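Comments concern the structure below.
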Amino acid sequence: MNTEPIRPEPVRFDTKIAVLLREDLEPWQRLNVTAFLVSGLGSQVPEVIGEPYEDADGVGYLPMFRQPVLVFEGTKETLKAAHDRALSRSLPRAVFTADLFATGNDRDNRAAVRAVPTADLDVVGLAVYGPRNGVDKVLKGSRMHP
């Protein structure tokens, strides 16, 4: 008789959350951009958020994404192409432009993006969510962040 506990099958997702960062960002910029980008997805795509957490003492914690966030990097050209593909596929997306490093608040961030036509945005970070194959196509030419 087998006495090993039955382990549930791993959860597989048919969707993907991905962040694409420009490869020339400083380490602090990579972290900052990633945090800003994923906050946009979490606020507008409720299905990406899991259930709240609770420890053994009953202390509650905020819910987080229900699936991993994969982080990629690429050249300026890769970011431009990925942005174009995300737009053409109408995937939920968040954008971070180079101009946002010079602002200090949400109002100025939004004004900085609003001031630049889509084709001229200097995208340094992009978060996308959607079907795995659609997100994979958006990320074409990028590589996993080291």
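The values are calculated or read from the model by the stated rules, or taken from the named source; none is laboratory data. Remember, predicted model here, so these are calculated numbers, not experimental data. Quick reminder, even Gly has a Cβ in these numbers, built from the backbone with ideal geometry, and neighbours come from all protein chains shown. What goes into the accessible areas is simple: the full protein's heavy atoms, side chains included, and nothing from ligands, DNA or RNA. Shrake-Rupley method; radii C 1.70, N 1.55, O 1.52, S 1.80 Å.
Numerical summary
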read-out: 13 Å beta-carbon shell around G60, net charge (K/R +1, D/E -1); value: -4
read-out: Residue-normalised accessible area of the chain, expressed per residue, 1.4 Å probe, Å²; value: 64
read-out: For a label point 7 Å along the Cα-to-beta-carbon line of L70, residues of region 3-28 with backbone N under 19 Å; value: 10-23
read-out: Label-point gap, in nm, between N105 and R7 - each point 7 angstrom along Cα→Cβ; value: 5.2
read-out: Carbon and sulfur %, accessible surface of the chain computed with the full protein complex present, 1.4 Å; value: 55
